[in-house]
Amino acid sequence: MRFGPMRPVGIVDKRTGKRPYAVLQLRQENSSADMYNLVGFQTSLAFGEQKRVFGIIPALKNAEFLRYGVMHRNSFINSPNVLSKSLELKDYKDIFVAGQLSGVEGYVESIMTGLIAAKSCIAKIDNTDTPKFDQTTMIGALLNYITTKNSKFAPMNANFGLLPPLDNMRDKYQRKQAYYDRSIKSLKQTIDSL
Amino acid sequence: LAGCEAALQVASKNIPVTLYEQKPANRSKAHRLDTFAELVCSNSLKSLDRLTASGLLKQELLTLGCKLIQIAFDIKIPSGSALSVDRKVFSAKVTDLIKSNSLITVINQRIGELNFDCPTIIATGPLTDGKLYQTLWDMCGQYLNFFDAVSPIVSKESLDFDHCFLADRYDKTEDNKIENGSYINCPLSKDEYFEFYNQLINARQVAFKEWDNINYFEGCMPIEA
């Protein structure tokens, strides 16, 4: 955990001027800043155990838990087998699947599939071409991932590993900037073609 | 999230939308609010930095006129370089936008079968269950699944501020305006850390029926695993 959610890198304890041995970070949860969530501390511990064990952390000795951590099972369809890139079911025309059911992971990724399913739906109703998103865009890369045959298919977050590589770029910052520029350029071409 | 975005996008093209929502009569284990677009795990939509993968995806979505990401930007709360929102405010904004749109008809009803005579978007989320779960199984074959977990929330006033302090990692803030950072950091000494660690890995977990074949998603793995 000292190399995971409790890693102390980049943190200086203002009381000692030193890096702590380990640290739990709390992130502001609401606009009035009176609720904080325990970053990376998702848990399936029994509620009483959460209070007892997390209470060992000095700052949380008397912490009031407004919500305990819980665990649940998440289901998703086998998209590589059944879904097309427009997010329409291959065998059931006019039925589209979006959100985490479609095999993306994350809020932003889910919102993306809602937007794409809507665009595909609109194209069908208007009898126009379904917009195509190039693999050099994060949208296109994610759609490609969830609809490509894969024996170990698992939900996917946006990540640079999905994009076609830029081999000639060694500098990390320059490479990311080039990914960004390439994506936005391609996306604008897609928008212009609609 | 996906369903709200889809409804708003379709309606923006002057196409009428019927939006089915099972709340408030039915609710998954993870949902608490009666309103739309409830964030059930973290309240962060990850990085604002356009040179991260998630930041790039956000910029692409804004370029395409995405409604929900725009709302998140409009109401963001301080959290260093991340895009975080008050989940109630976010949900209320999305709900207002949907309910005030005359082209969107909201029907609070649980759907089991898919026999609509118009294009249909299914965005019922990873906790889809009941009849619809079975209907989709019949259409798409067996589901795949994984387990994930959400982290606890504590009240700020109950924290011991003699034992924690405000700071961002590497003091990185979006605009360098917040001198103290926006995260509360709770440091542990070596002894405290090992005491915590030992208690954590030996603590009692909630039993799960499917415990034997559990697949965690690494982004949401329980801390004790």
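The values are calculated or read from the model by the stated rules, or taken from the named source; none is laboratory data. As the structure is a computational prediction, the values presented were derived from the model and not from experiment. Methodologically, a virtual Cβ is constructed for each residue, glycine included, from the backbone with ideal geometry; neighbour enumeration extends over all protein chains shown. Note: areas computed on protein heavy atoms with side chains; ligands, DNA, RNA excluded. Shrake-Rupley method; radii C 1.70, N 1.55, O 1.52, S 1.80 Å.
With a 1.4 Å probe and all protein chains in place, put B:Glu192, B:Glu5, B:Glu38 in order of accessible area, largest first.
If we order B:Glu192, B:Glu5, B:Glu38 from most to least accessible, we get B:Glu192, B:Glu38, B:Glu5.
Place a +1 charge on the Cβ of each Lys and Arg in the stretch B:1-84 and a -1 charge on the Cβ of each Asp and Glu, then give the dipole magnitude about the Cα centre in debye, rounded to the nearest 20.
For the stretch B:1-84, the charge dipole is close to 120 debye.
Specify the inter-centroid distance of the stretch B:34-50 and the stretch A:111-173, based on alpha-carbon positions, in whole Å.
Comparing the Cα centres of the stretch B:34-50 and the stretch A:111-173, I get a distance of 20 Å.
Run the 1.4 Å probe and let me know the accessible area of B:Glu195, rounded to the nearest 10 Å².
The value for B:Glu195 is about 90 Å².
Given a Förster distance of 22 angstrom, what is the FRET efficiency for B:Ile75 paired with B:Val106, based on the Cβ-Cβ distance and rounded to 0.05?
Efficiency computed from Cβ-Cβ geometry: 0.50.
Let me cross-check B:Lys76: its accessible surface, 1.4 Å probe, with only protein heavy atoms counted, in Å² to the nearest 10?
Number for this one is 80 Å².
Note down the magnitude of the dipole of the stretch A:16-84 about its Cα centre, charges +1 on Lys and Arg C-beta and -1 on Asp and Glu C-beta and zero elsewhere, to the nearest 20 debye.
Dipole of the stretch A:16-84, to the nearest 20 debye: 240 debye.
Can you give the charge dipole size of the protein assembly as shown about its Cα centre, rounded to the nearest 20 debye, using +1 on the beta carbon of Lys and Arg and -1 on the beta carbon of Asp and Glu?
The calculated dipole for the protein assembly as shown is roughly 440 debye.
Probe 1.4 Å, all protein chains in place: accessible area of A:Met112 in Å², nearest 10?
The accessible area comes out at roughly 0 Å².
Using the alpha-carbon centroid of each, what span in Å lies between the stretch A:1-40 and the stretch B:124-172?
19
Roughly to the nearest percent, how much of the accessible area of chain A is carbon and sulfur, given a 1.4 Å probe?
50
Highest mean first, how do B:39-45, A:23-29, A:36-42 rank when packing is the count of other Cβ atoms within 10 Å averaged over residues?
Final packing ranking: A:23-29, A:36-42, B:39-45.
How crowded by other chains is B:189-197, given as the mean number of beta carbons from other chains within 10 Å of each beta carbon?
For this peptide, the per-residue mean of nearby foreign Cβ atoms is 5.
Just to verify a number: FRET efficiency for A:Thr148 and B:Gln199, C-beta to C-beta distance, R0 = 56 Å, to 0.05?
0.80
Roughly how many nanometres apart are two label points built 7 Å out from the Cα toward the Cβ at B:Tyr170 and A:Lys188?
Those two pseudo-labels are separated by 2.9 nm.
Given R₀ = 22 Å, FRET efficiency for A:Asp94-B:Asn145 by Cβ-Cβ distance, to 0.05?
0.25
Go through the stretch A:164-169 residue by residue and turn each phi into a ³J(HN,Hα) via Karplus (6.51, -1.76, 1.60, θ = phi - 60°); whole Hz please, and just put x for glycine and proline.
Karplus values, whole Hz, x for Gly and Pro: x, x, 10, 5, 7, 9.
Let me confirm one metric for peptide B:34-42, namely the mean number of other chain beta-carbon atoms within 10 Å of its residues' beta-carbons.
Averaged over the peptide's residues, the number is 2.
Where does chain A land at 222 nm, in deg cm²/dmol rounded to the nearest 500, when only DSSP H runs of n ≥ 4 count, each adding -39500 (n - 2.57), divided by all residues?
-10000 deg cm²/dmol
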